[in-house]
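Accompanying notes for the structure given below.
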Amino acid sequence: MLKLSRVIACFPLVLIGLSSQAQVPFAANQDWRGSFACPNGNIAAHLRVDAIERKGEAGHALVRGVFTFGGSEKMSAASHQVSGDFTAGNALVKFTPGKWVVYPAAPIPPAGFSGTVGEAGDVFSGQMAYGKCGALSLTRGVSAAKL
């Protein structure tokens, strides 16, 4: 387990690589769980999708949720609201941070991450954009007990 008192922040999210015919891989009341790599080890990550507002054409939606980091015996969890506009046609969604739900233990700057959702629509793979942190992987529907 790792301690992440310095790596909890607002995280804009960018998804790239989905085909223009892809459906929105997000749904209300959905969980995406996994981790990202930092020099001090892997950090638990969780995106809880709270609401989806479909917009016009297929594959276009406004996604709202809460992003959480940490939550181990070595690191307290922190979380904040996020919202993003997903468009399968240009394969992008950028989640922007909202209000903190649970404040981080240490003041750190906001960061982001980008990546792709696999063809099955249930695995997000990408890179953190925070200091020396790197690979990120989130899987849809995985319970916290399986991490």
List the residues, sorted by chain then number, that are 5 or more residues from ALA106 or on another chain and whose placed amide H is less than 5 Å from its amide H. none
Amide proton proximity set for VAL101, modelled H, under 5 Å, gap of 5+: SER79, HIS80, GLN81
In units of 2.2 N^0.38 Å, the Cα radius of gyration of the range 26-70 is 1.45
Name the long-range amide H neighbours of ALA135: under 5 Å, sequence gap of 5 or more, or other chain; modelled H, no Pro or chain starts. ALA37, MET128
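All of the numbers you see were taken from the coordinates with simple rules; none came from a lab. No experiment lies behind these values; they were computed from the predicted model shown.
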